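Working notes for the structure below.
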Amino acid sequence: MVILNPNQVLVKSCKMVPVMIMGTIFGKKRYTFAEYFCVGLICFGLVVFSLKKSSAASKKLADPNLLLGYSFCFVNLAFDGFTNAYQDKINSQYKATTSLDMMCWMNFFTGLLLSGYMFGFTTIGQELSSFLLTHPKASYDVLVFCICGAVGQLFIFITINKFGALTLTLVTTTRKFFSILISSVFLGSTLVGQQWLGVVLLFTGLFWNIQMKGAKANKTKAQ
């Protein structure tokens, strides 16, 4: 680990921002000030809520490399934002493209590149094959893992195709928040004041986002 955990939370919580920026650059999308402000509320709510949970973890890192850590985070967000924006562009430019098309071809080329790297440039592929042959029961676990991942990806690509990359990023970014909130309610854990502030900010942003999308949809239908 080369960056403090709270810093990672801060960066990951702002994942929607690069998606909007890349969408503006590559997808020619236009967002209003209210939409940017709404996303800002959600991001800030996530940061406020999550930092309370991760403050203890930062003590385990004795010598963080902030420059390298933030560089990794920046590259990750840039590529993530570009990928989502370009998926939106493909969906809008080629109407016949389905979510299944996008999923199959992305996985095909990903598998092709990774297979070439694993078997051509490293010994990882051989070691993996040898391990599965030596432990055949592990093959079943790998198969189940792959099936679960494929089913999950189906919903991811359907969301991108039907609602856009920003909506998907909103869902994936807030899922950890909802899992913590739900577990706190069912397990009887008490949220501190800082976390409740995060909850209020995040839900304000979420409901505002839903209201704006509803207004846009009604306006489109009226036209």
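The values are calculated or read from the model by the stated rules, or taken from the named source; none is laboratory data. Quantities reported herein were computed from a predicted structural model and do not represent experimental measurements. Please note: Cβ atoms are built from the backbone with ideal geometry, for glycine as well, and neighbour counts cover all protein chains shown. Quick note on the areas: whole protein, heavy atoms, side chains included, nothing else; ligands and nucleic acids left out. Shrake-Rupley method; radii C 1.70, N 1.55, O 1.52, S 1.80 Å.
Answer with yes or no whether Ser139 is out of contact with any helix residue (DSSP H, G or I) (no Cβ under 6 Å at 6 or more places or on another chain) and not aromatic (Phe, Trp, Tyr). If you could, list the steps in order and put the result at the bottom.
On the way: out of contact with any helix residue (DSSP H, G or I) (no Cβ under 6 Å at 6 or more places or on another chain): no; not aromatic (Phe, Trp, Tyr): yes.
Here the answer is no, as Ser139 does not meet what is asked.
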**Request:** Taking Val47 as the residue in question, decide whether it is at pLDDT below 90, of a type in the set (A, V, I, L, M), under 21 Å from Gly198 (Cβ atoms) and touching a Ser or Thr at 6+ places or on another chain (Cβ under 7 Å).
**Result:** yes
**Request:** Could you list all residues from the stretch 141-155 that are in contact (Cβ under 8 Å) with a residue 40 or more places away in the chain and open to solvent by 60 Å² or more (accessible area, probe 1.4 Å)?
**Result:** Leu154
**Complete:** Of (1) within 21 Å of the chain's Cα centre (by Cα); (2) surrounded by 12 or more Cβ atoms within 10 Å (Cβ to Cβ), Ala138 satisfies every one except (1)
**Complete:** Of the residues in the stretch 105-123, those that are open to solvent by 80 Å² or more (accessible area, probe 1.4 Å) and farther than 15 Å from Cys146 by Cα come to Trp105, Phe109, Leu112, Leu113, Leu114, Tyr117, Phe119, Phe121
**Message:** Out of everything in the stretch 161-181 that is farther than 21 Å from Cys38 by Cβ and modelled with pLDDT under 75, what residue ends up being most open to solvent (accessible area, probe 1.4 Å)?
**Reply:** Ser179
**Prompt:** Quick one: in the stretch 68-104, which of the residues that are among the polar types (S, T, N, Q) and open to solvent by 70 Å² or more (accessible area, probe 1.4 Å) is nearest to Lys12 (Cα to Cα)?
**Reply:** Asn76
